[in-house]
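**Q** Take this structure first; my questions come after.
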C-alpha cells in the first residue's frame, strides 16, 4: 500500500482535530457550479432518487407485504450512520457485505420479494435514501478484525497494475491526484458521496460503477458489481477515508 | 540503473496465439535497431501522438501542439525530445517505458504479455504496431526545439 495514504489514514484516525489532513473530497476538485448544485437540495438531481427511495421505503411489497418501515420504522433514526460503516461482516455468510448487498438481503429474505438488480433504479434509490440518513457524518468503518483480510485484498488491488495500459489505481489517485489527465482533474478516489449523480452518466450511480468506469479506461476487465473484488476495494477505500464526511447523494462531473 | 540496462539484452518471445511481436534488443539503455527497417513517417507519427484514443500521449504529456486543448500535466513536455535523447533511447521508452523506470505510469506501447486482467477487446494486442512505433519515433526525433511548448 502507498505509504503516504497509510500515514494519512493513521493520522486522520488518531488526531482528527489537530493533524493537517491532506485528504480532499472529490467535491473539492469540482468547479463552483457543480459544488452549488450538490449543496442545494432543490438543484441536486440525486435528491429525486432519495425521494423515490423514501416512497419505496414506505411501500409494502413481496409475499410478506411488509415495507422497510414496518420493521425499521423512522429511517432518520434507524438508518442514521448505517451507510458510514459499510461494507461490514455478514454474520451468516462470514464474508464482507456492502450496503447494497444488505438491502438486497432484506428485500429477498424479509420481504420475500424478487432480488433488485444491482445498478437498477430501485436499489439505487433505496441506497440513496439510506445513505442520505448519514449525510455529514464521518465515515466510521467497523472495528472488526474479521474485515482485515478483505481490506488487505482491496489495498492489493488498488496498487496492482491492470489492463492494457498497465495502470494501478494508486498511480493516478495517490501519485498524481491534483494533476490533470487531459482535461480531467484527478481526485483522490474517496468513496464518500455514493450513490451519486454523475453529470456524465446523467443518472445516479454506485461506487462500483465508478470503479468500472476507471477500469474500462485502463482497458481492464472490470470487477463485476457485488463481486468479492469490488467489495474489497470499497472496504479499503472506506477505511482510507475514515473520518471524512459522507455527502450522499453527491454530484460529480 | 543504466549499467544494469546495458547488461540486459532482452529478446521478446511470444506464443503463437498472440500478436506476433518483432524481436528487439536493449543495449546501453536503448534499442538502436528499427523494429521494421522501414523509415518512420513523422507526419503520421504526429497524428498518432495527438489522437486521444490511439496515442493517448496528451492525456499525460503536453507538447508543441497549439491546436490541441486540454493537454495533460502528469509528464514532461514532449517539446525538444529529439535534442534530449537519441533515437534508440526514445525507441526503448516507446516500446516499454517500464524498462527505464519500473514504476512509470507511461504505458508500454509495444508489449502484450505480462499484463493483468486485460479487457477482452485488447487481449494479446499491443497499443501500437511496430510501424506506428517507428512513425512516432520519427516525429519525436524531429522535435529539437524545447522552447516551444
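**Q** Could you give the length gained by full extension between residue B:104 and residue B:124, i.e. 0.36 nm per residue of separation minus their alpha carbon distance, to one decimal place?
**A** Extending this stretch completely gives an extra 5.1 nm.
**Q** For B:111-119, what's the mean count of beta carbons from other chains sitting within 10 Å of each residue's beta carbon? Can you show the working numbers first?
**A** Values: counts 2, 1, 0, 2, 8, 8, 14, 9, 10.
What the average comes to for B:111-119 is 6.
**Q** Could you give the nm distance between label points at residue A:70 and residue B:142, where each point is 7 Å from its Cα heading toward the beta carbon?
**A** Each label point is offset 7 Å from its Cα along the Cβ direction, giving 7.4 nm.
**Q** If chain A were replaced by its equivalent ellipsoid, with semi-axes equal to the square roots of 5 times the Cα gyration tensor eigenvalues, what would those be, largest first, whole Å?
**A** 28, 21, 19
**Q** While we're on this one: Using just the helices of chain B, give the 222 nm mean residue ellipticity in deg cm²/dmol: DSSP H runs with n ≥ 4 each add -39,500 (n - 2.57), and the total is spread over all residues, rounded to 500.
**A** -8000 deg cm²/dmol
**Q** So what's the angle, to the nearest 10 degrees on a 0 to 90 scale, between helix B:87-96 and the longest Cα principal axis of chain B?
**A** 60 degrees
**Q** Can you work out the PRE-style zone for residue A:48? Point 7 Å along Cα to Cβ, and I want the residues of the stretch A:201-232 with backbone N under 18 Å.
**A** Zone members listed by number: A:201-206.
**Q** Which value in nm describes the separation of the simple spin-label points at residue A:112 and residue B:77, placed 7 Å from the Cα toward the beta carbon?
**A** Roughly 7.2 nm, to one decimal.
**Q** Now for a separate question. Only helical DSSP H runs with n ≥ 4 go in: add -39500 (n - 2.57) per run for chain A, normalise by residue count and round the 222 nm mean residue ellipticity to 500 deg cm²/dmol. If you can, show how the numbers build up before the last one.
**A** Working: 10 runs with 95 residues, N = 253.
About -11000 deg cm²/dmol.
**Q** When the gyration tensor of the stretch B:22-148 is built from Cα positions, what are the square roots of 5 times its three eigenvalues, in whole Å, from largest to smallest?
**A** In descending order the semi-axes read 21, 18, 14 Å.
**Q** Now, a different point. Given N residues in the stretch A:52-110, what is its alpha carbon radius of gyration divided by 2.2 N^0.38 Å?
**A** 1.16
Coordinate-derived values only; no laboratory data. What you are looking at is a predicted structure, and each value in this text was computed from that prediction instead of being measured. So basically every Cβ, Gly included, is an ideal-geometry build from the backbone, and we count neighbours across all protein chains shown.
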